[in-house]
1. Does B:Arg68 count as within 21 Å of B:Arg25 (Cα to Cα), at pLDDT below 95 and touching a strand residue (DSSP E or B) at 6+ places or on another chain (Cβ under 7 Å)?
2. Is there any pair linking a residue in the stretch A:182-204 that is within 13 Å of chain B (Cβ to nearest Cβ) and surrounded by fewer than 13 Cβ atoms within 10 Å (Cβ to Cβ) to one that is in a strand (DSSP E or B) and not basic (Lys, Arg), with Cβ under 7 Å and at least six apart or on different chains, and which?
3. Would you be able to tell me the number of residues in the stretch B:183-199 that are closer than 15 Å to A:Tyr211 by Cβ and either crowded, with 19+ Cβ neighbours inside 10 Å or free of Cβ contacts under 8 Å to residues at least 24 places away in the same chain (or both)?
4. Quick check on the stretch B:32-45. Is at least one of its residues within 21 Å of B:Arg204 (Cα to Cα), surrounded by 14 or more Cβ atoms within 10 Å (Cβ to Cβ), away from every other protein chain (no Cβ under 14 Å) and modelled with pLDDT of 90 or more?
5. What is the residue count in the stretch B:140-153 for residues that are crowded, with 18+ Cβ neighbours inside 10 Å, more than 9 Å from every other protein chain (Cβ to nearest Cβ) and under 16 Å from B:Ser110 (Cα atoms)?
6. Mind telling me which of the residues B:Gln128, B:Gln108, B:Gln137, B:Gln52 ends up being within 14 Å of another protein chain (Cβ to nearest Cβ), open to solvent by less than 40 Å² (accessible area, probe 1.4 Å) and under 28 Å from B:Tyr217 (Cβ atoms)?
7. Scanning for something touching a residue at least 60 places away in the same chain (Cβ under 8 Å) and within 15 Å of A:Leu209 (Cβ to Cβ), does the stretch B:133-152 turn up at least one residue?
8. Any residue at all in the stretch B:154-171 that's buried (at least 17 other Cβ atoms within 10 Å of the Cβ), modelled with pLDDT under 95 and not acidic (Asp, Glu)?
Amino acid sequence: MARKQYRNLYPLSGCGCAQLFFLFLAFFLNGGIFEPSLCAQVKFEKETRIKRTDVPQSAVRMIDLLELDEKVRWFMEKSENGVSFEAKYKRQNRLHSIEFDSIGRFQDAEIDIREREVPEEARLQIHHHLKMEFDHHRLRKIQRQLTGPEEDIRRALVKEMIPPGLTVRYEIIVKGRSSGETHLYEYLFSDSGEIERRARIILRNTDHLIY
Amino acid sequence: MMRLAFASMLILFFFVRVNSQDRLRVGLMPHVNVNYKVHDYWRLNFKYESRQLMRDRDAFGNENPAFRYVLSDFSLMVLRKTGLNNQVGGGYLVRIERGKFIHRATQQFSLVRNYRTFRLAHRIVGDQTFEMDEPIQWRLRYRIGFDVALQGESADRGEFYLKMTNEYLNVFRGGKYDLEIRLVPVVGYVVEDHNKVEFGLDARYDSFIEGNARHSYWLRLGWFFSI
């Protein structure tokens, strides 16, 4: 049986001058590289910023145990599935989102990553699936989703290593064109690059910004 | 957020400095904007805008009569989506001012970029204004704007947002050139995603290249509705 190994949580941490230059260029050319998140468009839920004191104690305790130097922002989400809580912070220049249910039980952790940080085998498989579905596609945002026992997740976030027992998935926002129509989609891929979920993103109305 | 609001106020502070010889107009600018989705790619936009003056001071310091109706604009645009977040369009505007009809043809390209906590919009407009006994006025405009939720990461139903736009209008008429600068900070309320109301200021600064500059401050009250 193949032995699973620890994986680095941020295999490509750090940002060189050349990368900074290209990010800067991309921002001004609107090339789409500098688009950290499109979560705002997946509005099946209502998200409100809340104070730490309004969050269930067990959720606050887990975040406190991470001993973060970074500022943590708390959000409450209301959707058809009920209420959930989310802690967001930036570490290694990546957004981390830790989600809890209505009574503060840990659900999952999501970390923004770059495409190169997805293992090659999974990356090839993801592109293979997307090529089957679209004439042209582009990955707009990738999050590594970690689920498993709270203790293991906490250890992974502190040590910045993914232990073998955790379940890793990739939540990816894809801009896809097929039959002449372009839309945004949210995919959930397994660690091996197999599709687990797919949903079309409904873009929020922008009329007030255009006219 | 606070830094953003402070920077906006700072810009506005410099913008609103009015010299004694500058012309000044202060008034109301209500507008209604209705969008109709004809097809996945095609849209119609109807806009009604009106202006009422509450204060009007000329370059010699003379104050003109107080509350006065100025104009009404009716415009219709046809737009086609050309990508995920961009569209091109063309339209026609009829302005009724002092009992006269002024006509304007408009061409527009717009692009909206989505970021985690805000949206950034670019708009390029070309327009030609036709008025009796006047040479055609050509304008080339560029507007950049953003909106940011005042609660959470995006403005949902029942929440407020801040919108700020900054527009530069290059005006060519009868061989003369003028530049107009607009700064529009507004607070919006999301009734529904397709139904928003806005309240704020529309500050305009023009004629400063030649002659006495003109400052116009319109209290803006807007309603955006999509069918």
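1. yes
2. Cβ pairs passing all conditions: A:Arg200/A:His183; A:Arg200/A:Tyr185.
3. Total meeting the criteria: 5.
4. Of the stretch B:32-45, the ones within 21 Å of B:Arg204 (Cα to Cα) are B:32-33.
Pick out the ones that are also surrounded by 14 or more Cβ atoms within 10 Å (Cβ to Cβ) and you get B:32-33.
With the extra rule that they be away from every other protein chain (no Cβ under 14 Å), the set shrinks to none.
Looking for residues that are within 21 Å of B:Arg204 (Cα to Cα), surrounded by 14 or more Cβ atoms within 10 Å (Cβ to Cβ), away from every other protein chain (no Cβ under 14 Å) and modelled with pLDDT of 90 or more, one finds none in the stretch B:32-45, hence no.
5. Of the residues in the stretch B:140-153, the ones crowded, with 18+ Cβ neighbours inside 10 Å are B:141, B:143, B:145-149, B:152-153.
Keeping just the survivors that are more than 9 Å from every other protein chain (Cβ to nearest Cβ) gives B:141, B:143, B:148.
Then keep just the ones that are under 16 Å from B:Ser110 (Cα atoms); that gives B:141, B:143.
So the answer is 2.
6. Working: B:Gln128 fails: within 14 Å of another protein chain (Cβ to nearest Cβ); B:Gln137 fails: within 14 Å of another protein chain (Cβ to nearest Cβ); B:Gln52 fails: within 14 Å of another protein chain (Cβ to nearest Cβ).
Exactly one of B:Gln128, B:Gln108, B:Gln137, B:Gln52 is within 14 Å of another protein chain (Cβ to nearest Cβ), open to solvent by less than 40 Å² (accessible area, probe 1.4 Å) and under 28 Å from B:Tyr217 (Cβ atoms), namely B:Gln108.
7. yes
8. yes
The values are calculated or read from the model by the stated rules, or taken from the named source; none is laboratory data. Since this is a predicted model, take the numbers as computed values, not measurements. Virtual Cβ from ideal backbone geometry, glycine too; neighbours counted across all protein chains shown. In case anyone asks, the SASA skips ligands and DNA or RNA and just uses the protein heavy atoms, side chains included. Shrake-Rupley method; radii C 1.70, N 1.55, O 1.52, S 1.80 Å.
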